[in-house]
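The values are calculated or read from the model by the stated rules, or taken from the named source; none is laboratory data. Just so it is clear, the model here is predicted, and its values are computed rather than measured. In this analysis, Cβ positions are derived from the backbone assuming ideal geometry, glycine residues included, and neighbour counts consider all displayed protein chains.
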Amino acid sequence: MARVFIDTNVLFPFSVMDLMLGLSEDAIHTVVWSDHLLDEWERVIVREHHRSAEAASRISRTIREFFADTRVPEDDYKHLIDRMEGPDLDDHHHMAAAIAGHALTLVTWNLGDFPTGLLSEYGLTVTDPDSYLCSLLTQCPREVVDVLFRMAAGKRRPPMNASEIVDALDRAGVPVFARRCRTHLAATSGDHGPYRPDA
């Protein structure tokens with residue numbers, strides 16, 4: 001199972017974050033993370049008024065607890081931080097943690113901020129969320145679609161079916177993935193039916 005490090009800017013909108021974590025729950029990939037990443041995430045979503053400080057802390061705490069086994073401690077990567085390049089010191093932490101966490105892919109919207117040549121020396125590829133999710137869908141379409149249906153089953157506020165989750169992902173900035181998912185959903189509707197949480 002491939003290990004992936006997800007940049008802070010990919011973890012909101014929450015639809016993309018939910019999918020990335022859901023894929024990890026279903027063992028389609030393994031998300032590795034650091035305390036520095038989640039600390040930055042909390043600061044950003046509070047600053048941008050996406051969540052209150054209390055709500056952000058609660059979400060972060062849940063992730064820390066549920067995915068505790070894939071945490072990359074700073075002691076494991078701090079010796080790599082000064083070797084990293086790029087304009088953002090937070091990104092230096094993320095790159096170093098991804099390397100120490102044996103991630104194969106670092107997913108970010110800010111491709112230009114990550115030195116692909118340097119990171120390739122550590123076996124780390126940098127890609128955007130849409131391309132990354134499309135590659136997963138190509139590799140294991142049924143498994144990815146199953147995650148969408150499972151996510152729908154858990155949606156209560158508001159209830160959403162799998163197609164509505166895909167629509168939210170489209171709006172969140174992964175349109176190619178969303179378009180391809182719609183094709184797969186249409187093909188599997190006979191298996192899953194018009195899946196809604198209350199069904």
* Structure fact -> Residues of region 35-65 being closer than 12 Å to LEU11 by Cβ, out of contact with any strand residue (DSSP E or B) (no Cβ under 9 Å at 6 or more places or on another chain) and β-branched (Val, Ile, Thr), in sequence order, are VAL44, ILE45, ILE59
* Would region 88-99 turn up any residue that is outside the structural domain of PHE177 (by TED's automatic domain parsing), within 15 Å of the chain's Cα centre (by Cα) and crowded, with 20+ Cβ neighbours inside 10 Å? -> yes
* **Tally of residues being touching a Pro at 6+ places or on another chain (Cβ under 9 Å) and part of a helix (DSSP H, G or I) across region 120-133** => 1
* **VAL144 being β-branched (Val, Ile, Thr), over 30 Å from GLU85 (Cα atoms) and either in contact with a Ser or Thr (Cβ under 8 Å, 6 or more places away or on another chain) or buried (at least 18 other Cβ atoms within 10 Å of the Cβ) (or both)** => yes
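Out of curiosity, is THR105 among the hydroxyl-bearing types (Ser, Thr, Tyr) and either touching a Cys at 6+ places or on another chain (Cβ under 6 Å) or surrounded by 17 or more Cβ atoms within 10 Å (Cβ to Cβ) (or both)?
Details: among the hydroxyl-bearing types (Ser, Thr, Tyr): yes; either touching a Cys at 6+ places or on another chain (Cβ under 6 Å) or surrounded by 17 or more Cβ atoms within 10 Å (Cβ to Cβ) (or both): yes.
Yes: the conditions hold for THR105.
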